[in-house]
Amino acid sequence: MTGWKARVRVALCGAYKYSGAMWTHESLARLFGHRFMTILLFHRVTDVIPEDGLTVSTTRFRQMCAMLAKRFRVVPLSEIFRIVRAGEPMPPRTLAITFDDSYHDNLNACRVLHDHGLPATFFLPTSFIDSQRVFEWDRGLPPMPNLTWNDVREMVRLGFEIGSHTVTHANLGIVSREQAWDELIRSKQILEDQTGQPVRWFAYPFGGQHHLRPEYVPLIAEAGYEGAVSAFGGFVTPGLDNRVLPREAVPYFRSLAHLELYLAGCLNWLYALKGRTSNELARNPWPYGEHARAEHHSLT
Ligand SMILES: [Zn+2]
């Protein structure tokens with residue numbers, strides 16, 4: 001996006017928010033029954049590479065956390081599942097925070113979240129922990145180390161929840177049933193052995209519509225998980241299949257006001273006009289799931 005366009009967008013978002021239009025818009029939407037919650041998906045918080053669809057700078061992450069703590073009701077992932085499954089009315093501005101993929105910078109992100117009193121769940125592919133393994137999409141980038149098991153235990157000590165993201169970051173859309181089962185149960189066992197905590201939730205790698213075969217979905221509960229999350233589909237709304245809830249990858253926003261408007265649901269109409277709604281994305285899955293999705297949804 002060119003500089004003047006970015007400045008205009010920031011100015012419009014600020015005007016929308018501070019004029020009271022955002023509040024009116026939100027109130028009317030709720031009055032007419034538009035209710036939703038959000039499960040946010042982060043990957044890395046680092047200054048080693050520029051911000052992109054997977055990367056938030058450390059400064060921006062601190063700003064985001066301060067805004068989320070002040071302007072939203074941030075709850076544990078389990079609370080989102082509980083509200084959905086109980087069929088309770090979805091409270092306004094309610095969201096959960098999740099991270100995928102075991103980047104070492106997640107430990108510092110934990111400390112920032114902790115400073116702001118924000119809960120979060122971290123989904124880890126166990127074979128990457130304490131290893132030099134590099135994700136396929138990171139080849140050619142500056143080194144970004146993985147978490148160690150000591151880091152993971154420190155995250156648990158700080159009060160954060162660990163979930164499974166398989167052992168090998170496997171694409172469950174193409175592996176055999178036996179392999180899918182092995183990825184599900186072995187990762188859970190390893191995480192529980194290493195942390196001493198129950199592992200309740202599962203995030204399937206790549207997270208797109210075609211990265212989890214429908215016939216494998218029952219395996220998630222059979223393996224002992226209480227639920228799973230994808231990486232597409234946008235906001236959590238009433239009537240969804242509550243075994244696998246959607247997440248909203250955190251895009252790169254030019255301003256906090258823009259992010260707040262987006263998470264408050266005030267920009268749905270705009271993205272609908274642009275044909276960039278979450279439903280649109282779900283119908284047109286992307287080749288690399290969560291990663292290309294994040295790029296696709298980047299608002300720069
Ligand atoms: Zn992943």
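The values are calculated or read from the model by the stated rules, or taken from the named source; none is laboratory data. These numbers were taken from a predicted model, which means no experiment stands behind them. With ideal geometry, Cβ positions are generated from the backbone for all residues, glycine too; neighbour counts draw on all protein chains shown.
Checking V10 against (1) β-branched (V, I, T); (2) modelled with pLDDT of 75 or more; (3) surrounded by fewer than 20 Cβ atoms within 10 Å (Cβ to Cβ); (4) farther than 18 Å from P119 by Cβ: exactly one of these is not met. Which one? Every listed condition holds for V10 apart from (2). Taken over the range 172-184, the residue count meeting the criterion of being more than 16 Å from the ligand (Cβ to nearest atom) and either β-branched (V, I, T) or part of a loop (DSSP other than H, G, I, E, B) (or both) is 1. Scanning the range 79-134 for residues that are under 18 Å from the mean Cα position of the chain (by Cα), outside any helix (DSSP H, G or I) and over 23 Å from R157 (Cα atoms) turns up R93, T94.
Conditions (1) of a type in the set (V, I, T); (2) over 30 Å from H116 (Cβ atoms), marked per residue:
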residue	(1), (2)
T168	yes, yes
G173	no, yes
W181	no, yes
S187	no, no
R200	no, no
Q209	no, yes
I220	yes, yes
E226	no, no
P238	no, no
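Taking every residue in the range 191-217 that is without any contact (Cβ under 8 Å) to a residue 24 or more places away in the chain and pairing it with any residue that is away from the ligand (no atom under 15 Å from the Cβ), at least 6 positions away or on another chain, the pairs with Cβ-Cβ distances below 6 Å are E192/V199.
Residues in the range 54-78 that are touching a Lys or Arg at 6+ places or on another chain (Cβ under 8 Å) and not in a helix (DSSP H, G or I) were compared, and the one that is surrounded by the most Cβ atoms within 10 Å (Cβ to Cβ) is L54. As an exercise: evaluate R111 against (1) of a type in the set (K, R); (2) modelled with pLDDT of 95 or more; (3) farther than 21 Å from I39 by Cα and give the number of the one condition it does not meet. For R111, the failing item is (3). Annotation note: of S187, S127, S131, S102, the sole residue that is at positive phi and within 16 Å of the ligand (Cβ to nearest atom) is S102. For the range 203-257, filtered to residues that are of a type in the set (F, W, Y) and assigned to a loop (DSSP other than H, G, I, E, B), the residue that is nearest to the ligand (Cβ to nearest atom) is F206.
When H169 is tested against (1) surrounded by fewer than 23 Cβ atoms within 10 Å (Cβ to Cβ); (2) away from the ligand (no atom under 14 Å from the Cβ); (3) at pLDDT 95 or above, only condition (2) is not met.
Of all residues in the range 117-137, those being more than 17 Å from I190 (Cβ to Cβ), surrounded by fewer than 16 Cβ atoms within 10 Å (Cβ to Cβ) and not hydrophobic (A, V, I, L, M, F, W, C) number 3.
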